[in-house]
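Here's the structure we're looking at; comments come further down.
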Amino acid sequence: MELNKGSVKTCETLLQEYNAHAPLAQNAEKLVFTGVGDKDVYNITAPFEDEGKQVIAGRVESRDSEHSEVYFFVEQDGKWVPLEGAPTFTLQDPFQTHIGGELVLGGVQIYPHPTMENALMWRTVFYKGKNIASLQPFFKGPDGMKDLRLVELQDGSIGVFTRPQGDKGGRGKIGFARVNRLEDLSIDLINDTPLLDGQFTDEEWGGANEAHLLKNGYLGVLGHIASFDAQGDRHYYPMVFALDPATGQFSDIELIAVRNKFLPGAAKRSDLEDVVFSGGLVRNGDGTATLYAGISDAEAHRLTIADPFVKFEQA
């Protein structure tokens, strides 16, 4: 399929397009987590295999705090419980992939701002290992950058999605580069990565959450696009696009779900009620996919949708 990018689309336009074609949205479910006291679990990954078990990584934190830990959970009797003996990490918003036969886990690390008193700074950090138990740190991204993502390409090289803010990226735009191996990652390379032009207006922002290698070598990107409304409330929508890593061409962003397709639930704050944070996507092989998402910075849900990447694999 040709990846012909049109003009930039706002959240409002994307929402109109989504609502106009009555997309599949069924089997909405809230995931139940135990073993973490009264803390919330949200911004989860999709399940992935570790030592023969299906595991979810999730952000665990108190409702009144931004200080979180990443736990690993397995399902028992319909509830998700901490994986026995697994490490925890002082991170936010975990994500995972496999590169060179190894598990790669990442998340957002917060730390005191180097120059602003009582303020926090953040960066994306990465761990790798043969399994969860052997994860070791191997790379820290640039200060102030979330949504840094890696994916193994068909030829064994690695795709790198970046998300600068500020002078280069405004509120947050997506960039893409390639490296031959993990050892080639560097702060300079990430900072110099060109942006995918024409995805977001300057008033809105977005990022890549997970990249899927499609059977034709394209990348199916699961991400989010977000905006503020006139009252200052945040609106986050799960979206996808496809990218050809050989040419850099990419398709238009399209929404794949909205908050009201999931079950009702709690919110961390009133300005976060319309937040769906794309955690991960499982392609079911039957034309559907299961979207795992953080909801309103307080809960974790999943939803069955049409597989958004099938059309990009067709000639």
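Structure notes:
- Selection count, segment 226-271, where residues are closer than 17 Å to Tyr18 by Cα, in a strand (DSSP E or B) and either basic (Lys, Arg) or free of Cβ contacts under 8 Å to residues at least 60 places away in the same chain (or both): 3
- On the stretch given as segment 257-280, residues that are farther than 25 Å from Ala177 by Cα and in contact with a strand residue (DSSP E or B) (Cβ under 7 Å, 6 or more places away or on another chain) total 13.
- Enumerated strands (runs of 3 or more DSSP E) restricted to segment 129-223, each holding at least 1 residues that are surrounded by 15 or more Cβ atoms within 10 Å (Cβ to Cβ) and acidic (Asp, Glu): 149-152, 205-213
- Restricting attention to segment 68-90 and to residues that are surrounded by fewer than 16 Cβ atoms within 10 Å (Cβ to Cβ) and part of a strand (DSSP E or B), the residue that is farthest from the chain's Cα centre (by Cα) turns out to be Gln76.
- On inspection, Val36 fails the criterion of being in a strand (DSSP E or B) and in contact with a strand residue (DSSP E or B) (Cβ under 7 Å, 6 or more places away or on another chain).
- Candidate set: segment 8-26, residues that are part of a loop (DSSP other than H, G, I, E, B) and aliphatic (A, V, I, L, M); chosen: the one nearest to Ser251 (Cα to Cα): Val8
- Applying the condition of being small (Gly, Ala, Ser) and under 13 Å from the mean Cα position of the chain (by Cα) to segment 215-225 and asking which residue is nearest to Thr201 (Cα to Cα) yields Gly223.
- Being within 19 Å of Thr10 (Cβ to Cβ) and in contact with a Leu (Cβ under 9 Å, 6 or more places away or on another chain) is a property that Tyr218 lacks.
- Residue satisfying all of: in segment 160-191; in contact (Cβ under 8 Å) with a residue 60 or more places away in the chain and under 30 Å from Phe228 (Cβ atoms); farthest from the chain's Cα centre (by Cα) among these: Phe176
- Of all residue pairs spaced 6 or more apart or on separate chains, those with beta-carbon atoms under 7 Å, a first member in segment 280-308 that is closer than 25 Å to Val60 by Cα and a second member that is among the acidic types (Asp, Glu) and part of a strand (DSSP E or B) are Gly280/Glu210; Leu281/Glu210; Ala298/Asp40; Glu299/Asp40; His301/Glu29; Arg302/Glu29.
Since every read-out is calculated from the coordinates, none of them should be taken as a lab result. None of these values were measured; they are calculated from a predicted model. For neighbour counting, all protein chains shown are included, and Cβ atoms are generated from backbone atoms with ideal geometry for every residue, glycine included.
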